[in-house]
Amino acid sequence: RVKRRQDYRPPQFLVDQVKLKFILDPSDTRVLTQLHVRFNTDAYDCCDRANLYLDGDRDVIQLVPNSLKVDGRMLEQGKDYNFSKAHLIVKSINGSGKGALVEFQVSLNPSKNTALMGLYLSKNNFFTQCEAEGFRRITFFPDRPDVMSIFEVTLVASKQDYPVLLSNGDCVDSGSCSDGDYHYAVYKDPFRKPCYLFALVAGKLVHLEDWFVTMSGRKVKLCIYVQQGNLPKAKFAMECLKQAIKWDEEQYGREYDLDTFNIVAVDDFSMGAMENKSLNIFNSKYVLANPETATDADFEAIQAVVAHEYFHNWTGNRVTLRDWFQLSLKEGLTVFREQEFSADMTNRTVKRISDVMRLRTTQFPQDAGPMAHPVRPESYIEINNFYTVTIYEKGAEVIRMLRNLVGPEGFRKGCDLYFDRYDGMAVTCDDWLAAHQDANPHVDLTPFRLWYSQAGTPQLFASMEYDHSQSILHLHLEQYIPPTPEQPIKEPMLIPIQMGILDRDGTPVMVDIGDGSVMETKVLNMKEAKQTFTFHHVPPESRLSMLRGFSAPVRFSWKHNQSSKDLIFLMAKDKDEFNRWDAAQTVTLRYILDIMKQMNGNSVKPHLSQGMSSLPPDHHVLEAFKTILLDESLEHRFRSTMFVLPSELFIAQWTKPIRPDDIHLARLHLKRQLATGLNSSFWSVFQKLEKELEGEYRLDAESRGKRALKNICLEYLCCSQDPVALSFALRHFRNANNMTDALACLNILSTYGKEEGELALAEFYRKWEHEYLVLDKWFRVQALVPNKNTLSRVQKLLEHKSFDIKNPNNVYALIGGYALQNPYAFHLEDGSGYKFIADQIWKLDNINPQVAARIATCFTIWRELEPNLRSHVKEQLNRLVSNDHLSRDVSEVVNKLME
Ligand code: ARG
Ligand code: ZN
């Protein structure tokens, strides 16, 4: 059952052409399939040439009896063909010469497809999701990305129920069927593609239309399909699409290649979105938005996802994957492209900070635990479990390092060569690196390859020595890569460390970058386990700013902690804004850890933490934060980001064993200290911004920044449960003319308020009862309340009439919000939170295994937990593995957790 990268063999048969005819019906859809197959002359083992293996998930698709023909000849089961559990095996095919024509009919029942893989229904419309291995739930086919075919698709469906019929490529014919209640449409996609990029949509939909003239002057029709009533909410996504198309032309010279580009929004979708050739299918939450129903963060997410899927047209579709071990070849690269696009469209520093926050809170723990895997995994059981933050986000960091290594121009050259050389092919991460190596012969990329094969977050330890007499500074660096599953011993990696030196006043010290010239920033390419770098002419009392812009996905620390004075200095003076933020994070992290030490030392019980006001921070730290808060020369958005304390999941990585309650209370304590210390500044900034934002809602970056800063001020003001601040927040909630403010207040009120929270939640529900996407926010807010009673609230909400366990967004909001994002409420002393989640995983596994497996990752850190909690998790994991009917998805996750 384990698939291994080294076991890759080219396909025995290729499929040059596929003709599919769908006769759509909710419970009995027919798929007439015609495959032009032939031997793959590149295949090196020819032993099984006689048999054509077609993947097919026989729990979902049935071969219609007496429908299988080869070159017009009817085949007989047992004699000419057979089934294995997951295959249709056609015997004695003559695949040489012009090959053979294989024809058959399949029946399937989309209405029963709750896994949302293959062909399924959502609100009575048909949709497909094929990546990674969903096509085998539609018809029998060699379901692997290195089999690329020309598709021709005919859709036949009831005119009245399914007026819109869509598939990949261009519509070449359409009309009424002889039975006048039915109509048909024929689509041809001129580009060869793997079957995971196939898609169809049929249903009652309306669309927004626009166009784009490409750089070579071709006019492309752009359509976004949504349910009736949602058209105005698609406008923003359309603007994003146009921006993305333009950006890809300007930055990468990539042009769109068909006459139409369609996006379709669907409410039931397991992931974010899917890049099917010319027919992107999106989770509706990444398409639909207006200021009343979507937050600023939602708008930004839409911009990012629309661009991401569009960018896949070149990185993923035109150049595709040889096998699923190469997933990061398209995902890491496309995330990187999207990150750069978003940085150009919004605020570069803030985008970088939020990407790094995400990496550190979710990817670092994955890389440190039982689920750790390299960016290019060596093995998997269920590929759906590998759509991870490691493949996506760490994969993007790897691309970022590569770009920095070869420089922006070298990177563009490498990309051009990659597209040129591999267009229309299914390739590997090695091919990607080869293109960059060939385009940049002066850089040796050999040591860089380890980033693809070695799992685990490298740890960097630094120390320095200063020689006063000669003004020489020695920087000693050591790297250590912890063992991960199946990789006990690691080799040192190439770690590019961007750094700079500041003198005692904060003026940059120019450093020799090696070629004789001097710069403010230097990149140290560390290759050895231990290495020393020497700097000359360094004035005394200089400070180092390390890992600027987070130039490598590593955990950096000084062997001897920097003093909080050094950190405050960097926070105020560093030339690299990212590092100003990072210094602030380190200051606050340090305080939180100190508070925890005192809590344990004094065995302070959680509920007594209110009385700890004698603890730090000292006034220098308060002053430093105050300066940032009031510094009008800084962008609002940056200022607000400086006040986001390290998350509980991030803090947990610095504690052992993990005591989630202590982490939560220590963090809250620091937050309250800041709130008290800066109370009047928070008020004045809040009030000033409230005035400035009065009047009509505006979506520009400046206004978004103002809202972010205003709302974080309000949060600090309320976090000590001051009744005046809370009543203020309630009023603000009621007056809000946009979802950003309303949701921020709702969050604050339900977290820190009592009756105010209940009032706001009730009013919010009444107002938005009929807005599916807004209700998702309502579920999530409640799941995120850091309170020991949240479990019972979540349990009640499962029964709520607006909650549907079959809908992944609902599940992620309520169950996922609770288990993955609310440690204080999830880790309950008696283990009841774990039991509840294990029950949900069990139940969900029968509905949508992919979603169930994602929820199960909430136990990733379980071995680091303090003993009582650990034993409770263990009990639940044991219970889960005892279930013989677990899906491959969940059983892979749970078994890895238990290893
Ligand atoms: N390729 C999609 C994207 O990142 C993700 C699809 C994942 N689907 C899945 N079933 N695992 O844009
Ligand atoms: Zn993607």
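A few notes on this one:
- The set of residues in the stretch 878-897 being surrounded by fewer than 19 Cβ atoms within 10 Å (Cβ to Cβ) and free of Cβ contacts under 8 Å to residues at least 60 places away in the same chain consists of ASN878, ARG879, VAL881, SER882, ASN883, ASP884, HIS885, ASN895.
- Pairs, first more than 16 Å from ARG352 (Cβ to Cβ) in the stretch 300-311, second within 11 Å of ligand 1 (Cβ to nearest atom) and of a type in the set (S, T, N, Q), C-beta under 7 Å, six or more apart: HIS308/THR334; GLU309/ASN280; PHE311/THR334
- Residue match in the stretch 340-351 (condition: touching a Phe, Trp or Tyr at 6+ places or on another chain (Cβ under 9 Å) and within 16 Å of ligand 2 (Cβ to nearest atom)): yes
- Taken together, LYS351, LYS330 contain a single residue that is at pLDDT 95 or above and crowded, with 22+ Cβ neighbours inside 10 Å, which is LYS330.
- The residue of the stretch 279-322 that is nearest to ASP259 (Cα to Cα), among those that are within 15 Å of ligand 1 (Cβ to nearest atom) and assigned to a loop (DSSP other than H, G, I, E, B), is ASN313.
- Residue check, LEU359 within 11 Å of ligand 2 (Cβ to nearest atom), on the phi < 0 side of the Ramachandran plot and either in contact (Cβ under 8 Å) with a residue 40 or more places away in the chain or part of a helix (DSSP H, G or I) (or both): no
- Residue pairs whose Cβ atoms lie under 9 Å apart, sitting 6 or more positions apart in sequence or on different chains, and linking a residue in the stretch 262-276 that is hydroxyl-bearing (Ser, Thr, Tyr) to a partner that is more than 9 Å from ligand 1 (Cβ to nearest atom), are SER270/ALA115; SER270/ASN283; SER270/PRO808; SER270/ASN848; SER270/VAL851; SER270/ARG854.
- ASP423 meets all of the listed conditions (1) touching a residue at least 24 places away in the same chain (Cβ under 8 Å); (2) closer than 30 Å to TYR256 by Cβ; (3) in contact with a helix residue (DSSP H, G or I) (Cβ under 8 Å, 6 or more places away or on another chain); (4) away from ligand 2 (no atom under 16 Å from the Cβ) but one, namely (3).
- Test for ILE399: is it assigned to a helix (DSSP H, G or I), among the β-branched types (Val, Ile, Thr) and either at pLDDT below 95 or away from ligand 1 (no atom under 16 Å from the Cβ) (or both): no
- Taking the listed residues GLY410, GLY414, the one that is closer than 26 Å to PHE550 by Cβ, touching a His at 6+ places or on another chain (Cβ under 6 Å), assigned to a helix (DSSP H, G or I) and more than 16 Å from ligand 2 (Cβ to nearest atom) is GLY414, with no other qualifying.
- Counting only strands (runs of 3 or more DSSP E) wholly contained in the stretch 115-215, the ones carrying 3 or more residues that are out of contact with any Pro (no Cβ under 7 Å at 6 or more places or on another chain) and away from ligand 2 (no atom under 16 Å from the Cβ) occupy 125-129, 148-158, 164-167, 170-176, 182-194, 200-203, 206-213.
- So PRO823, is it crowded, with 22+ Cβ neighbours inside 10 Å and in contact with a Lys or Arg (Cβ under 8 Å, 6 or more places away or on another chain): no
- The set of residues in the stretch 421-447 that are β-branched (Val, Ile, Thr) and touching a Lys or Arg at 6+ places or on another chain (Cβ under 6 Å) comprises VAL427, THR428.
- Residue list for the stretch 269-281, restricted to those being closer than 18 Å to LEU773 by Cβ, of a type in the set (A, V, I, L, M, F, W, C) and within 12 Å of ligand 2 (Cβ to nearest atom): MET271, ALA273
- Residues (crowded, with 19+ Cβ neighbours inside 10 Å, in contact with a strand residue (DSSP E or B) (Cβ under 8 Å, 6 or more places away or on another chain) and not in a loop (DSSP other than H, G, I, E, B)) located in the stretch 432-461: LEU460
- Look at (1) crowded, with 22+ Cβ neighbours inside 10 Å; (2) more than 16 Å from ligand 1 (Cβ to nearest atom) and you find that PHE419 fails only one, number (1).
- Wholly enclosed strands (runs of 3 or more DSSP E) of the stretch 27-108 bearing at least 2 residues surrounded by fewer than 17 Cβ atoms within 10 Å (Cβ to Cβ) and at pLDDT below 95: none
- Verdict on THR641 being modelled with pLDDT of 95 or more and surrounded by 21 or more Cβ atoms within 10 Å (Cβ to Cβ): yes
- When the stretch 257-278 is limited to residues that are in a loop (DSSP other than H, G, I, E, B) and of a type in the set (S, T, N, Q), the one that is nearest to ligand 1 (Cβ to nearest atom) turns out to be SER270.
The values are calculated or read from the model by the stated rules, or taken from the named source; none is laboratory data. Computed from a predicted structure; not experimentally measured. Cβ coordinates were reconstructed from backbone atoms using ideal geometry, including for glycine residues, and neighbour counts include every protein chain displayed.
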